[in-house]
Protein chains: 2
Amino acid sequence: MNAISPAPAERLVRVPLGERAYDILIGPGLIARAGREIAARLKGRKAAVITDENVAPRYLDALVASLEAAGIQASSLILPAGEKTKSFEHLMTVCDAVLTARVERNDAVIALGGGVIGDLAGFAAGIVRRGVRFVQVPTSLLSQVDSSVGGKTGINTHHGKNLVGVFHQPDLVLADTDVLNTLSEREFRAGYAEVAKYGLIDKPDFFAWLEANWRQVFAGGAARIEAIAASCQAKSDVVVADERENGPRALLNLGHTFGHALEAATAYDSRRLVHGEGVAIGMVLAHEFSARLNLASPDDVKRVEAHLKAVGLPTRMGDIPGELPPAEALMDAIAQDKKVKSGKLTFILTRGIGQSFVADDVPSSEVLNFLKEKHP
Amino acid sequence: MNAISPAPAERLVRVPLGERAYDILIGPGLIARAGREIAARLKGRKAAVITDENVAPRYLDALVASLEAAGIQASSLILPAGEKTKSFEHLMTVCDAVLTARVERNDAVIALGGGVIGDLAGFAAGIVRRGVRFVQVPTSLLSQVDSSVGGKTGINTHHGKNLVGVFHQPDLVLADTDVLNTLSEREFRAGYAEVAKYGLIDKPDFFAWLEANWRQVFAGGAARIEAIAASCQAKSDVVVADERENGPRALLNLGHTFGHALEAATAYDSRRLVHGEGVAIGMVLAHEFSARLNLASPDDVKRVEAHLKAVGLPTRMGDIPGELPPAEALMDAIAQDKKVKSGKLTFILTRGIGQSFVADDVPSSEVLNFLKEKHP
């Protein structure tokens with residue numbers, strides 16, 4: 001085959017999942033090369049590109065041209081941007097578009113966009129014909145370092161976020177770092193929360209490196225590619241250890257139980273809170289809650305908060321503009337979240353920087369009291 | 001655990017799929033015992049029962065009582081009966097009901113009904129929280145011998161049948177043979193087409209046994225249980241060899257490519273044609289087409305048709321009441337069916353009774369000519 005060898009600035013992370021193994025390519029210019037990279041790896045010669053109104057004007061033509069040049073017949077579907085697109089209605093629309101394009105099992109659905117498009121298109125790829133091939137072309141930092149890797153797909157319902165979906169691994173992830181230059185500062189920061197998360201889970205050296213080098217990561221270039229590759233590698237390690245989240249994969253939810261509750265409490269209104277901001281506040285809360293349980297030291301809490309604040313992320317519930325519902329309502333959102341087993345709450349707690357662990361017996365009364373205390 | 005040992009008349013077929021292995025129990029009185037059998041195998045103590053308007057009045061109360069007696073908290077959802085229920089809209093309704101019941105990963109969705117309810121509820125079980133436990137309580141012969149075993153789930157779209165779904169194995173199948181006594185003759189015969197199919201695929205002795213014993217199978221009792229158990233065992237063997245239909249599992253589609261096209265051509269109108277009847281006609285067509293390609297002998301065609309006719313099944317397109325669309329339209333339905341790879345048609349052909357094989361290079365022109373010739 002004619003797989004292209006990485007250019008000097010490029011990084012390749014292999015996710016070794018047996019017959020579901022795949023490559024993540026990280027570097028500049030990957031959208032222009034997408035057709036060749038996909039043709040070298042997939043048997044099919046049809047693709048349905050799923051994207052949104054924000055991303056399409058910038059990158060859709062370039063991606064389709066690259067596919068066609070490589071002999072891949074491409075159709076495209078442009079959806080509204082935003083979290084509300086992760087709905088049953090849009091899932092139907094995507095499935096219909098994929099079937100209309102006569103995409104068969106060896107052909108591909110390609111997600112061109114952020115986490116919303118990736119989660120939705122990946123879900124459709126997992127259920128059309130009970131599974132067709134899937135390529136992620138993530139266009140946000142958040143999706144490059146998190147949602148495009150690991151095979152979790154899904155949509156939201158009025159019961160909560162990501163409560164309906166499948167595990168469906170991509171066959172290839174193309175993280176084109178050029179696209180990050182057009183992100184707003186706020187979007188980039190939101191993605192950075194997930195980068196910092198990998199350090200906080202189990203890589204204290206990486207967290208220290210970020211404390212020292214975050215300005216270069218924000219500026220772009222080699223440090224940024226390094227940070228993205230390290231994040232993808234960290235995510236890959238966790239996914240390989242526990243593909244279907246029966247145990248350690250839950251570590252990736254550090255900060256997410258509180259974060260999801262805050263997203264639900266702000267009705268997924270991105271003017272008030274985006275996912276990464278919820279995770280940033282959630283990670284500080286998780287460290288504080290751990291300190292309250294005498295697991296982590298108050299100094300670690302301070303260090304986490306100081307770093308996230310330095311890069312410009314919100315760290316307190318009070319940083320969210322507008323009123324929040326009472327602590328009881330936040331608790332209710334947590335209880336309906338999927339990290340619940342037979343009534344007991346599963347939480348990611350920590351013994352310090354890079355020492356997170358899964359606790360599956362946290363009493364909800366403790367969490368509620370803590371939320372009341374921290375409520376602005 | 002307190003798993004119940006089978007009563008004398010009962011049969012147990014184990015589907016050995018590693019960590020997804022499960023039991024199929026076949027015999028009388030299983031609905032009344034469902035709660036105990038489920039409680040002995042599943043950790044969760046919540047269940048959402050999905051059923052339809054025809055089945056609910058007969059068996060829902062008994063099933064719910066059995067669950068509650070075993071300490072399983074049961075909710076239920078009653079859907080309209082019929083193929084049209086396998087839709088995105090009803091999938092949403094089922095997912096919502098399962099989430100409202102707060103069914104978690106170790107809890108169960110229970111399908112109480114025929115293939116439509118099993119396929120729909122199984123799909124919901126496969127996607128709510130990215131997979132919860134699933135129990136099949138099939139109430140038609142068709143679902144007891146075919147759709148309840150093997151993990152294929154799905155819905156129909158305007159593009160065709162079962163084009164959206166997942167592989168999600170059940171954790172237990174309870175085939176209560178008492179319920180078959182209330183089926184109409186027509187329904188029972190339709191299910192019998194799939195029983196005969198297992199003989200035609202690769203069990204010539206079973207087909208000969210059916211030729212000799214079909215009256216006893218229709219009459220009920222030990223021969224019926226034996227035929228169902230043999231069918232479940234045959235299906236299990238194929239599924240274990242190829243869980244996700246990359247190869248030999250396609251053999252189960254013997255008669256189904258033609259059958260599905262006829263179902264589509266009659267707009268899934270059960271007054272004209274039900275699935276098993278389409279399969280019966282499709283199996284005769286598959287044998288005739290194989291004879292036309294000089295693979296099978298005309299005597300085998302006659303033998304297959306004679307047996308299906310003897311039990312009262314339709315065997316010719318002309319047996320379907322009303323007008324059929326032209327052969328070209330049937331061909332179009334076949335081409336959109338999922339057994340298509342890069343434009344080539346995959347067909348199940350046969351060299352004789354019990355000698356089926358997967359052919360993946362059948363030219364569509366041959367099929368079209370054959371359909372024109374056989375068109376009434």
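Just so you know, all these numbers are worked out from the coordinates, no wet-lab data involved. Just so you know, these numbers come straight off a predicted model, no measurement behind them. Every residue, glycine among them, receives a Cβ derived from its backbone with ideal geometry; neighbour counts consider all protein chains shown.
Observations on the model:
- Note: relative contact order over region B:303-376, using C-alpha pairs below 8 Å and six or more positions apart, is 30 percent.
- Cα-based helix-to-principal-axis angle, A:88-100 vs chain A, degrees rounded to 10: 20
- Packing around the peptides A:247-255, A:320-328, taken as the average count of other Cβ atoms within 10 Å per residue, puts them in this order, highest first: A:247-255, A:320-328.
- For region B:11-181: rounded, prolate or oblate by the Cα gyration tensor [a/c cutoff 1.5]: rounded
- Cβ-to-Cβ counts within 10 Å put B:F258, A:F218 in ascending order as A:F218, B:F258, the fewest first.
- Among the residues of B:125-133, the average count of other protein chain beta-carbon atoms within 10 Å of the residue beta-carbon is 6.
- Applying 1/(1 + (r/R0)^6) with r as the Cβ-Cβ distance of B:V358 and A:R186 and R0 = 35 angstrom yields a FRET efficiency of 0.05.
- Of all beta-carbon atoms in chain B, the one sitting closest to the axis that brings chain B onto chain A gives B:V166, 3, with the distance in whole angstrom.
- Once the Cα atoms are used to define both axes, helix B:364-374 deviates from the longest principal axis of chain B by about 80 degrees.
- Out-of-range pairs (alpha-carbon distance over 26 Å; input B:K203/B:K302; B:K309/B:K344; B:K309/B:K374; A:K197/A:K302; A:K86/A:K344; B:K46/B:K84): B:K309/B:K344; A:K86/A:K344; B:K46/B:K84
- Between the beta carbons of B:A32 and B:A222, assuming R0 = 25 Å, the FRET efficiency works out to 0.80 to the nearest 0.05.
- Computed from the C-beta positions of B:D205 and B:N106, the FRET efficiency with R₀ = 35 Å rounds to 0.25.
- Angle between chain B longest axis and helix B:256-265 axis [Cα atoms, degrees, rounded to 10]: 90
- Cα principal axis extents for the protein assembly as shown, largest first, Å: 83, 63, 37
- Distance between region A:198-227 and region A:82-129 - C-alpha centres, whole angstrom: 32
- Segment B:S297-B:R215, extension gain: residue separation times 0.36 nm, minus the distance between their alpha carbons: 26.8 nm
- Positive contributions from Lys and Arg (+1) and negative ones from Asp and Glu (-1), summed over other residues with Cβ under 14 Å from the Cβ of B:Y198, come out at -3.
- Approximate spin-label separation A:A9-B:R58, in nm, with each point projected 7 Å along Cα-to-Cβ: 6.9
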